[in-house]
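S.K.: My questions all concern the structure below.
Coordinate-derived values only; no laboratory data. Given the structure is predicted, the values throughout are model-derived calculations rather than measurements. Note that each Cβ is placed from the backbone with ideal geometry, even for glycine, and that neighbours are counted across all protein chains shown.
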Amino acid sequence: MSDAHVPPPLSPFGAYPNPLDLTEEDQKLFHPVVLFPSSYEILDLTKPVANRQLATEDERKTRTSPDRPPAPPFAVGRYDEDRVGLYSSELFNDLENNIDGYQGRRTIHVGIDLEGPVGTPVYSLTNGTIHAVGYNAALGDYGHVMVICHDLPKNRQVYALYGHLSADSIERREVGQHVVAGERIGSIGDFFENGGWFFPHVHFQLAIKAPDTHDMPGAVSLNDRAMALVDYPDPRYVLGPLY
Ligand SMILES: [Zn+2]
């Protein structure tokens, strides 16, 4: 893909590559992943954020954080956003941390974050089969996470990662289990179970190729951006024009 076909950062709905050719007709299949109120915030994480985002290991262990910043209302964290001020953790800067061929200083977010209170239900986008499920324990990682291979019309499939879930979301989940559209697959986790993030949210990401395990690079380097916008399509093609 030549750079001429790469849309500028934070392009509007419909401007990104659509490798699965998802149409408005397909849209009818999809259940919201989180039921949002009619009004919600659109986050801007391109600049350094004032509040502490990640818990310490000790806070995770004790499940207490005396100076935890207040939980925000429902909000959306954007796709293709360069989060230079947010991803300071080693996880995002480790040059040897190679996920499905992606590495480097990873600051460009290639999923969409759906923020809501701890315990908010998370629903399956459409019918599918659990491809991978587990716990990514590193600070700043996904915590409890599930990847579902969703069936689409015309023999297409898409892999969807649901990250930062509560521990009980994955308790009775196994690879190969079927899920149906709109099934409650879990809930938004708290900081001690979601990878240490103070702002509870589900990271939702699409992939056109099967990930090796219950992981996808939630952020990629600028060098890998053009490739990532195809490998990990804009989730608004299934979530609708959230912003
Ligand atoms: Zn995210």
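S.K.: Report the convex hull volume per residue for the stretch 125-203, counting only C-alpha atoms, in Å³.
M.R.: Spread over its residues, the Cα hull of the stretch 125-203 gives 79 Å³ apiece.
S.K.: Related question: Over the chain, with a Gaussian network built from C-alpha contacts below 10 Å, which listed residue (Y142, Y232, Y123) shows the highest mean-square fluctuation?
M.R.: Y123
S.K.: Identify the chymotrypsin sites (Phe, Trp or Tyr not before Pro) of the stretch 1-75 meeting these criteria: DSSP loop state and at most 14 other C-beta atoms within 10 Å of the C-beta.
M.R.: Within the stretch 1-75, the qualifying chymotrypsin sites (Phe, Trp or Tyr not before Pro) (loop, at most 14 other Cβ atoms within 10 Å) are F13.
S.K.: Here is a follow-up. Expressed in nm², what is the orientationally averaged projection area of the convex hull enclosing the Cα positions of the chain?
M.R.: Spelled out: convex hull of the Cα atoms, projected over all directions, averaged, 12.5 nm².
S.K.: Also, I was wondering about something else. Among bridges DSSP assigns within the stretch 3-239, what percent are antiparallel (round to 5)?
M.R.: Just about 95 percent of them are antiparallel.
S.K.: Across the stretch 21-33, in residue order, what do the Karplus-derived ³J(HN,Hα) couplings come to in whole Hz, using 6.51 cos²θ - 1.76 cosθ + 1.60 with θ = phi - 60° and x for Gly and Pro?
M.R.: Rounded to whole hertz, the list is 6, 6, 10, 5, 5, 4, 3, 5, 6, 9, 8, x, 6.
S.K.: Would you kindly derive the ³J(HN,Hα) couplings of the stretch 183-190 from the backbone phi angles with the Karplus curve 6.51 cos²θ - 1.76 cosθ + 1.60 (θ = phi - 60°), listing them in order in whole Hz, with x for Gly and Pro?
M.R.: 5, 6, 9, x, 8, 5, x, 8
S.K.: Let me ask you something else. Calculate, in nm to one decimal, what T23 and N93 gain on full extension: separation in residues at 0.36 nm each, minus their alpha carbon distance.
M.R.: 21.6 nm
S.K.: Please find, in a Gaussian network model of the chain (springs between Cα atoms separated by less than 10 Å), the residue of V180, V34, V147 whose mean-square fluctuation is greatest.
M.R.: V180
S.K.: How large is the dipole of the chain about the Cα centre if only Lys and Arg carry +1 and Asp and Glu carry -1, each at its Cβ, rounded to the nearest 20 debye? Each step should come with its number before you reach the end.
M.R.: Details: 19 positive and 33 negative charges, 58 e Å.
Once rounded to the nearest 20, the dipole reads 280 debye.
S.K.: Let me ask you something else. Could you list which residues have their amide H under 5 Å from that of V179, counting only those 5 or more apart in sequence or on another chain, with H placed in the peptide plane?
M.R.: G128, T129, I130
S.K.: Below 8 Å, C-alpha to C-alpha, sequence gap of six or more: please give me the relative contact order for the stretch 3-239 in percent.
M.R.: Relative CO of the stretch 3-239 lands at 27 percent.
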